[in-house]
Amino acid sequence: RRGTGPGAVAVIGLGRFGSALALELMRNGAEVLGIDTDEDVVQELNGLLTTTVRADATQEQVLRQLGVDEFDKAVVGIGSDVQASILVSSRLLKFSHPEIWAKAITGPHAEILEQLGVHHVISPEHDMGIRAAHLIQGRVLDFVTIDEGFALIRCPAPEAIQQRPLDTLDVRRTYGVSVVAVRRPHEAWDATEPGTVLYDNDQILVTGPTGKVEAFSNLD
Ligand code: ADP
């Protein structure tokens, strides 16, 4: 069967979002089938993805012929043509197989995709706006919302928790967050241990409730 490997993904719609996603999946060793109606787009990605096909993915027949129903995951990267996005998603939902990820460009678009039963709806502009707000506010170097109200951030180690082993600082009880990893200057990321001691110029990954991780990153 085609596309049953752990990293077999069909990417439908190879615009800025879909092509960046498809290329990153390739870099991570996935098998990627790219589909787009635009000949220029297909030409450009030809040879860079496992397979690149020019086709109209709103046709159920096309999806079957390309074996998309046998892939484990499918991403609908079509955005501006909302009708095509909805149509492709609903065709894919008839198949028992691929787990479906779809991009939404507006709130109502996301709502419709969720209503249809799409497993994961991604709203890149909305999410990036929120992320950028956190990045431009304080010392947070990277910010990922894990779920509503819970986040993972990268920030410099605050002075308040430097020079002493982490387990003696009671970080969890005092600040309501967990320091999960550290990167020393010129070294790789490593998980923290109870005896880890942080110093100036160390960067850390911190998880916890969004407000708490932010407050923590702004400690002196
Ligand atoms: P982005 O903002 O990521 O560039 P767009 O919505 O502008 O996203 O691009 C979506 C891509 O999807 C375009 O390259 C377009 O040619 C492609 N596309 C649109 N309709 C279909 C369809 N029915 N089948 C396959 N690809 C499609």
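Rule-based calculations on the coordinates, nothing more; no lab input. All figures in this text were calculated on a predicted structure; none of them were measured in a lab. Cβ coordinates were reconstructed from backbone atoms using ideal geometry, including for glycine residues, and neighbour counts include every protein chain displayed.
For the chain, a crude dipole built from +1 on the beta carbon of Lys and Arg and -1 on the beta carbon of Asp and Glu, taken about the Cα centre, is about 280 debye to the nearest 20.
Straight-distance candidates among the lysines for linking to Lys73, with alpha-carbon spacing under 24 Å and chain neighbours fewer than 8 residues away dropped: Lys94, Lys103. Each peptide in 12-23, 148-159 was scored by the mean count of other Cβ atoms within 10 Å over its residues; highest first, the order is 12-23, 148-159. Peptides 204-217, 107-120 ranked from most to least packed give 204-217, 107-120, packing being the mean of other C-beta atoms within 10 angstrom over each peptide's residues. For the Cα trace of the range 127-217, dividing Rg by the Kirkwood Rh returns an Rg/Rh value of 0.95. Each listed q (0.11, 0.14, 0.20, 0.24 Å⁻¹) maps to a log10 I(q)/I(0) for the range 1-111 from the Debye sum over equal C-alpha point scatterers, namely -0.29, -0.47, -1.01, -1.46. Radius of gyration (Cα atoms) of the range 67-166, expressed as a multiple of 2.2 N^0.38 Å: 1.47. Remark: the range 32-108 carries a charge dipole of roughly 280 debye about the Cα centre, counting +1 on each Lys and Arg Cβ and -1 on each Asp and Glu Cβ.
Placing unit charges on the Cβ atoms only, positive for Lys and Arg and negative for Asp and Glu, gives the range 127-217 a dipole magnitude near 140 debye about its Cα centre.
With q set to 0.18 Å⁻¹, the log10 of I(q)/I(0) for the chain, from the Debye formula over equal scatterers at the Cα positions, is -1.11.
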